[in-house]
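In what follows, a structure is listed as structure tokens, so that the remarks can point back to it.
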């Protein structure tokens, strides 16, 4: 068909053209079809969006496509259906429950990165994986394809760790990275920001230093001081994974099948060949039972081995928060206290878990060093300061980490002993307070499991940038679902 | 977050806003999120598209949203995440393999019609239906919700027919409608255009008359002459179905589970309570075996009964084309010949199948009339002309239907007898010639099953508007996969 061009003076990020929905139907052009646009001697590809808002006979072009075919507003282009990529047939095959061959999975991933697939098609693939038996063989192909379609960090024999998430406060990474790097091993750690949790490691590190560095900068930092603590989001590591995550987040889908590929692709891309995966288990985490945890653990190791990586797992207690602060700034205070004091101050559970994980990694690579000694000797803290300096300097003292000014402390109504702390209300309160968007907001848990509590003791202090949000968060905190107590009398 | 407005001077057909992908990630706003835009005293809802092409801190608004919140280019709006509709949770539930309750399915359908769901979310629902056990109960809820969210045609006790498709040339509808209307029954027939086939009934009828009429016009035509032959595409009958079809067409998905709801929703919306479903069975059709055909037939009847409709089915021979012409104009010639001659001329199989189907409908409603008599007496042809006049007049003589000027006839290489005609190459040739877009293009099958063939006899004449397309279509026709022959000697 021929269509009159209306140019939209913006970039869509993808080559998108919008045509009238009835024009589309009459010319057998469907949403997501790839079309070829011809104007004089030039031609270009675009993905079709159909809309009843576009007048018939018109085509709306975003800047990328307008420039590619060098056309001006009001001129007429020839629109032809172009052949759909084969990857669409493979997605359909997946939706029909079949297992895909390596080249079929690769085609899907390559086309995802090249923007040849629409969000709907990526969603169909994701749901197809979720609803079918996704084999280890397919997971391997998916992971390899995701790694090979992105950038890589050129560090050899690197170590890495990853937590599959779900536990508030669990900010072990800066401590582990400092210990491992101090022991002389390379750990080019890239972390994500929070998506649905109150804080990610990148959010927390950003409170105290600059986390945005290029691949070349990361390589040079790791070369000089063995480790880094950077944001991985803009590095184009396994970018197909980002596309899949972007699409499935809209449904809050988080299929464990895709988790394997997603995690190991990012690790593979940073050159890690010894990886420790923390699998928190417990109510409100991603893995609620032992059976599921064991299966995931086996799958991680199996996929790792298929990819030539040595993957270890730690099924940890995820039933309650780790550390006392929840929210980027409050978590930064926690780990800075542990590092600075050599483990003598700061939350004990955070210290112990970090040491345990660092030891698992050190043992695995045959180090004769002991994580506890590295932490206690102050070498871990010295290493952390070196990393900080390379990343552009920043806050080194826990007490210098600023917290939001609107604060309120919820106090105990009667005496007792803390039996448990529930993740879900903790997450809710932190988010209501403004996390992870507001880095200085969050909450502080004054009491931890086993602590005795007297009537009137501080239980939770909530911090927020906004009095209104503080009020809402405190309301949630006062519902008293965070702590469960046992009577002191019954002991 | 606050964002600077850039206005796009076009309508998107949906309230869409585009923001930078990293801004989105940092503010926990995801693709497809519904956001609330505040500008002074006004506010409005939009669905988020994320793009790396939008500069950080900017928001691109399409015309609908710009006008709703009354904002100008360069001004700053406050962007807040608004609560996701509950229907997203129900889609997720479907993807997790669960059965949905009536109100859950209804919420999905209502939000689909109100554009509160993104294409990806609609795709996830479709794939969820395809990959799970979709119960009859759920199909009923889906159908009812689709009918209730659209327009309806106010005709009581109407009859209707539908073919699930897959057989080239199968243009029984104009003949059946003429017979039923002549017998005194109401048949407000709305048809679709071709999507993947060489011609739909609406395409064929459009060759000879105007098929675009409003609901009110259709009601008045049916009131006066009992029947009509119109295009249903723009009538907003069960519009949610159109949304689902639009999304799933991009993957060429056609789940039989959704077919049931899709077909019966359109029938229910035109007030039909006696419906005949033609289920062609055979290689290359949607239903390849008896078991599948029987199951589909049972399901159609069961769903019909749940909806208070009397649904009959006819499992017909779909192994080869019906009629001799393929393509809108050529099919129009075929059915006009049958109608005008009272069944004495034109393709016999087309005549016989139409009469059989009309009889099934007439018997079901207790008519004492006989379809063959109505056709032979010329009453069907007279009724057809009445309908034509009401729809705006048009071509009445088969020989006045124009065909494309570029033609080529493929001839027989040796004598024999036609054993079979294959649907797939017939469809391919017709589409290569320009169908359904070019209404005068297509092909004519000179011989049908059982016909004797002498060396040099005409087999296939191909018609096309373009010499280039003709050449390509003739090439396909000369591959000789259309006909299979048996030797005359073996008889």
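The values are calculated or read from the model by the stated rules, or taken from the named source; none is laboratory data. Model, not experiment: these values are computed from the prediction. Virtual Cβ from ideal backbone geometry, glycine too; neighbours counted across all protein chains shown.
Miscellaneous remarks
- Evaluated against (1) in a loop (DSSP other than H, G, I, E, B); (2) more than 15 Å from residue B:480 (Cα to Cα), residue B:413 falls short on exactly one condition, (2).
- Counting the residues of region A:1-28 that are touching a strand residue (DSSP E or B) at 6+ places or on another chain (Cβ under 6 Å) and within 17 Å of residue A:84 (Cβ to Cβ) gives 5.
- Region A:96-119, residues that are modelled with pLDDT under 95, surrounded by 24 or more Cβ atoms within 10 Å (Cβ to Cβ) and more than 23 Å from residue B:255 (Cα to Cα): A:112
- Matching residues, region B:1-15, being over 21 Å from residue A:9 (Cα atoms) and at the interface with chain A (Cβ under 10 Å from one of its Cβ atoms): B:1
- Condition met for residue B:349 (without any contact (Cβ under 8 Å) to a residue 40 or more places away in the chain, out of contact with any helix residue (DSSP H, G or I) (no Cβ under 9 Å at 6 or more places or on another chain) and either under 23 Å from residue B:451 (Cβ atoms) or in the same structural domain as residue B:175 (by TED's automatic domain parsing) (or both)): no
- Considering region A:167-235, the qualifying helices (runs of 4 or more DSSP H), each wholly inside and each with 1 or more residues that are farther than 18 Å from residue A:431 by Cα and free of Cβ contacts under 8 Å to residues at least 24 places away in the same chain, run over A:215-225.
- A count restricted to region A:31-44 and to residues that are without any contact (Cβ under 8 Å) to a residue 60 or more places away in the chain and in contact with a strand residue (DSSP E or B) (Cβ under 7 Å, 6 or more places away or on another chain) stands at 8.
- Checklist (1) out of contact with any helix residue (DSSP H, G or I) (no Cβ under 7 Å at 6 or more places or on another chain); (2) touching a residue at least 24 places away in the same chain (Cβ under 8 Å); (3) assigned to a helix (DSSP H, G or I) applied to residue B:308, failing item: (3)
- Whichever residue in region A:16-30 is surrounded by 20 or more Cβ atoms within 10 Å (Cβ to Cβ) and not in a strand (DSSP E or B) and, among such residues, is nearest to the other protein chains (Cβ to nearest Cβ): A:30
- Taking residues in region B:245-267 that are closer than 16 Å to residue B:233 by Cβ and more than 9 Å from chain A (Cβ to nearest Cβ), and partners anywhere that are in a helix (DSSP H, G or I) and modelled with pLDDT under 95, the pairs with Cβ atoms closer than 6 Å and at least 6 places apart or on different chains are B:262/B:241; B:265/B:241.
- When the residues of region B:52-63 are filtered to those that are buried (at least 20 other Cβ atoms within 10 Å of the Cβ) and within 34 Å of the chain's Cα centre (by Cα), the one that is nearest to the other protein chains (Cβ to nearest Cβ) is B:62.
- Some residue of region B:255-262 being surrounded by fewer than 23 Cβ atoms within 10 Å (Cβ to Cβ) and in contact with a strand residue (DSSP E or B) (Cβ under 6 Å, 6 or more places away or on another chain): no
- A count restricted to region B:73-100 and to residues that are in contact with a helix residue (DSSP H, G or I) (Cβ under 8 Å, 6 or more places away or on another chain), touching a residue at least 40 places away in the same chain (Cβ under 8 Å) and over 18 Å from residue B:14 (Cα atoms) stands at 2.
- Hits in region B:118-146 - residues which are within 11 Å of chain A (Cβ to nearest Cβ), touching a residue at least 60 places away in the same chain (Cβ under 8 Å) and assigned to a loop (DSSP other than H, G, I, E, B): B:118
- Applying the condition of being surrounded by fewer than 21 Cβ atoms within 10 Å (Cβ to Cβ) and assigned to a loop (DSSP other than H, G, I, E, B) to region B:64-83 and asking which residue is nearest to the other protein chains (Cβ to nearest Cβ) yields B:73.
- Filter pass, residue B:335 being within 21 Å of residue B:160 (Cβ to Cβ), touching a residue at least 60 places away in the same chain (Cβ under 8 Å), within 14 Å of chain A (Cβ to nearest Cβ) and surrounded by 23 or more Cβ atoms within 10 Å (Cβ to Cβ): no
- Looking across region A:40-50, the residues that are more than 11 Å from every other protein chain (Cβ to nearest Cβ) and assigned to a strand (DSSP E or B) come down to A:42, A:43, A:44, A:45, A:46.
- Within region A:321-338, one or more residues are closer than 19 Å to residue A:194 by Cα, out of contact with any helix residue (DSSP H, G or I) (no Cβ under 7 Å at 6 or more places or on another chain) and at pLDDT 95 or above.
- Checked against (1) surrounded by fewer than 20 Cβ atoms within 10 Å (Cβ to Cβ); (2) part of a helix (DSSP H, G or I); (3) facing another protein chain (nearest Cβ under 8 Å), residue A:93 passes all but a single condition, namely (3).
- Test: residue A:390 is at pLDDT 95 or above and in the same structural domain as residue A:223 (by TED's automatic domain parsing): yes
- The residue that is surrounded by the fewest Cβ atoms within 10 Å (Cβ to Cβ), among those in region A:154-168 that are modelled with pLDDT of 95 or more and more than 17 Å from the chain's Cα centre (by Cα), is A:158.
- Annotation note: of A:282, A:393, A:343, A:318, the sole residue that is at positive phi and in contact with a strand residue (DSSP E or B) (Cβ under 9 Å, 6 or more places away or on another chain) is A:282.
- Condition check for residue B:10 on (1) modelled with pLDDT of 85 or more; (2) more than 28 Å from residue A:465 (Cα to Cα): one failure, at (1).
- Boolean, residue B:232 is in contact with a strand residue (DSSP E or B) (Cβ under 7 Å, 6 or more places away or on another chain) and either over 27 Å from residue B:308 (Cβ atoms) or at pLDDT below 95 (or both): yes
- Any chance residue A:37 is within 11 Å of chain B (Cβ to nearest Cβ), within 26 Å of residue A:87 (Cβ to Cβ) and buried (at least 19 other Cβ atoms within 10 Å of the Cβ): no
- If the condition is being crowded, with 23+ Cβ neighbours inside 10 Å, in contact with a helix residue (DSSP H, G or I) (Cβ under 8 Å, 6 or more places away or on another chain) and more than 14 Å from chain B (Cβ to nearest Cβ), then region A:211-240 contributes A:226, A:227, A:228, A:229, A:230, A:237, A:238, A:240.
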